[in-house]
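Structure record follows, encoded as structure tokens.
The values are calculated or read from the model by the stated rules, or taken from the named source; none is laboratory data. Note that the coordinates shown come from a computational prediction; the quantities given were computed from them, not determined experimentally. Quick reminder, even Gly has a Cβ in these numbers, built from the backbone with ideal geometry, and neighbours come from all protein chains shown.
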Amino acid sequence: MPSPNQDRIEDLVNEHKREELLLKSIMGRIKHKVIVMSGKGGVGKSTVAVNLAVGLAARGRKVGILDVDITGPDVPLLLGLEGKRLMGSENGMVPVEGPLGIKVVSMAFVLQDPSRPIVWRGPMKMGAIRQFLSDVDWGDLDFLVIDLPPGTGDEPLSVVQYLPGADGAVIVTTPQDVALLDVSKAVSFAQLLNLNVIGIIENMSGLECPHCNKEIEVFKKGGGERLAKDMGVPFLGRVPLAPVIMTASDAGTPFIGAQEDSPAKKAFSDIIDKIEGVLKGNEEKDKGRGKEKVEEKRPQKEKAGGTGAKGAKGKRA
Ligand SMILES: Nc1ncnc2c1ncn2[C@@H]1O[C@H](COP(=O)(O)OP(=O)(O)OP(=O)(O)O)[C@@H](O)[C@H]1O
Ligand SMILES: [Mg+2]
């Protein structure tokens, strides 16, 4: 007769298998997963993530954005969604609807008081990230943009682990040496984990002087492109240091959606073209090799239901 301990272990293993199936089935409905990361803090990851999401949505793509910065979630502020809450449904948590129908999930939407710090160790963060991926009714999406906190710690590791079919990472840097040193670690981290690097963006690259219109290289210039070349990954482009980007962020209205044209908007729009181009190129390469994306081999609905997956009605928050 199996001991109570053996029964418990078997239950845990089965539960884990069910969660795996559920994760695969939910992620299988999302065509592209793009992870925005950097080895360095404050270089503009969240700004890039929200503007990428809004820019793609403005092109008619169905987009979601997942804020994986558990301890410093900024995406709600950048999209003007502060104070919103995630609701539950029979199909899982329902993302908050952002501009242009973007589906948004962030830790800030589940906290009683977002101004109080979260003091969590790795396993708790990993559990939350897993739930945000597998216990959310993301539906069918063309893109899920994932905004990461700085560095190469628990959050990036969890995301890469839970999303083996992710398209890859967009790595954000600023041009100065101290940022480049940290960011090269993010590139190595991705390569170590077999995560494709979609490319590097050099943010805060040059500032146009409002008085003489000459360019001031506040943090130097060209370092991101050099790093991309040295590490053999694509360079996606430069975004200038522009007050409009910061004021738009603070106002919760991403600058890519502004009516007025600006060099920053043009630069970012070109970057989105490039990202879409790289993804398309990768897709064609994969097709040529007869390779399927991991999540596309998703389980049949009945199979997930048959194993008692949490996707079954009434089983979720
Ligand atoms: N190109 C830019 N020009 C002007 N301001 C910018 C630019 N890019 C980002 N910022 C501003 O810099 C600040 C930091 O940006 P952001 O929050 O996107 O960085 P982050 O890398 O996500 O930071 P963290 O590491 O804390 O998550 C914000 O106030 C943002 O508005
Ligand atoms: Mg951020």
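Filtered by the rule that a residue be touching a residue at least 40 places away in the same chain (Cβ under 8 Å) and in a helix (DSSP H, G or I), region 159-177 gives VAL159, VAL160, TYR162, ASP177. Taken residue by residue, region 15-23 has no member that is among the aliphatic types (A, V, I, L, M), out of contact with any Lys or Arg (no Cβ under 9 Å at 6 or more places or on another chain) and in a helix (DSSP H, G or I). Looking at GLU82, GLU97, just one residue is surrounded by fewer than 22 Cβ atoms within 10 Å (Cβ to Cβ) and within 16 Å of ligand 2 (Cβ to nearest atom), and that residue is GLU82. If you check VAL145, VAL105 for being within 13 Å of ligand 1 (Cβ to nearest atom), in a strand (DSSP E or B), surrounded by 23 or more Cβ atoms within 10 Å (Cβ to Cβ) and at pLDDT 95 or above, only one passes: VAL145.
Scanning region 108-118 for residues that are touching a residue at least 40 places away in the same chain (Cβ under 8 Å) and surrounded by fewer than 19 Cβ atoms within 10 Å (Cβ to Cβ) yields PRO114, PRO117, ILE118.
Do the conditions hold for GLY44, that is, is it of a type in the set (Gly, Ala, Ser), crowded, with 17+ Cβ neighbours inside 10 Å and within 13 Å of ligand 2 (Cβ to nearest atom)? Before you say what the answer is, go through the steps one by one.
Numbers: of a type in the set (Gly, Ala, Ser): yes; crowded, with 17+ Cβ neighbours inside 10 Å: yes; within 13 Å of ligand 2 (Cβ to nearest atom): yes.
Criteria met by GLY44.
Going by the structure shown, is SER205 within 12 Å of ligand 1 (Cβ to nearest atom), under 29 Å from THR152 (Cα atoms), among the small types (Gly, Ala, Ser) and outside any helix (DSSP H, G or I)? First the steps, then the outcome.
Values: within 12 Å of ligand 1 (Cβ to nearest atom): yes; under 29 Å from THR152 (Cα atoms): yes; among the small types (Gly, Ala, Ser): yes; outside any helix (DSSP H, G or I): yes.
Criteria met by SER205.
On the stretch given as region 49-72, residues that are more than 13 Å from ligand 1 (Cβ to nearest atom), over 15 Å from VAL136 (Cβ atoms), assigned to a loop (DSSP other than H, G, I, E, B) and in contact (Cβ under 8 Å) with a residue 40 or more places away in the chain total 2.
Is it true that some residue in region 35-46 is near ligand 1 (Cβ under 9 Å from one of its atoms), within 14 Å of the chain's Cα centre (by Cα) and under 18 Å from ASP270 (Cβ atoms)? Among the residues of region 35-46, at least one is near ligand 1 (Cβ under 9 Å from one of its atoms), within 14 Å of the chain's Cα centre (by Cα) and under 18 Å from ASP270 (Cβ atoms), which makes the answer yes. How about region 49-66: which of its residues are under 13 Å from the mean Cα position of the chain (by Cα) and either surrounded by fewer than 24 Cβ atoms within 10 Å (Cβ to Cβ) or within 9 Å of ligand 2 (Cβ to nearest atom) (or both)? Listed by number, the list holds a single entry, ALA49.
For region 198-218, which positions are hydrophobic (A, V, I, L, M, F, W, C) and surrounded by fewer than 21 Cβ atoms within 10 Å (Cβ to Cβ)?
Taking region 198-218 as the starting set, the residues that turn out to be hydrophobic (A, V, I, L, M, F, W, C) are 198, 200-201, 204, 207, 209, 212, 216, 218.
Hits for region 198-218 are LEU207, CYS209, CYS212, ILE216, VAL218.
Within the option set ASP154, ASP230, being among the charged types (D, E, K, R) and over 22 Å from the mean Cα position of the chain (by Cα) holds for one residue only, ASP230. Among the residues making up region 235-264, those that are part of a loop (DSSP other than H, G, I, E, B) and charged (D, E, K, R) are GLU260, ASP261. In the condition set (1) within 21 Å of the chain's Cα centre (by Cα); (2) at pLDDT below 95; (3) more than 19 Å from GLY42 (Cα to Cα); (4) part of a loop (DSSP other than H, G, I, E, B), LEU195 is compliant with all but (2). Quick check: is even one residue across region 178-188 among the hydrophobic types (A, V, I, L, M, F, W, C), in a loop (DSSP other than H, G, I, E, B) and either closer than 29 Å to ALA58 by Cα or modelled with pLDDT of 85 or more (or both)? No.
For the residues LYS31, LYS24, the requirement of being within 19 Å of the chain's Cα centre (by Cα), among the charged types (D, E, K, R), more than 13 Å from ligand 2 (Cβ to nearest atom) and at pLDDT below 95 singles out LYS24.
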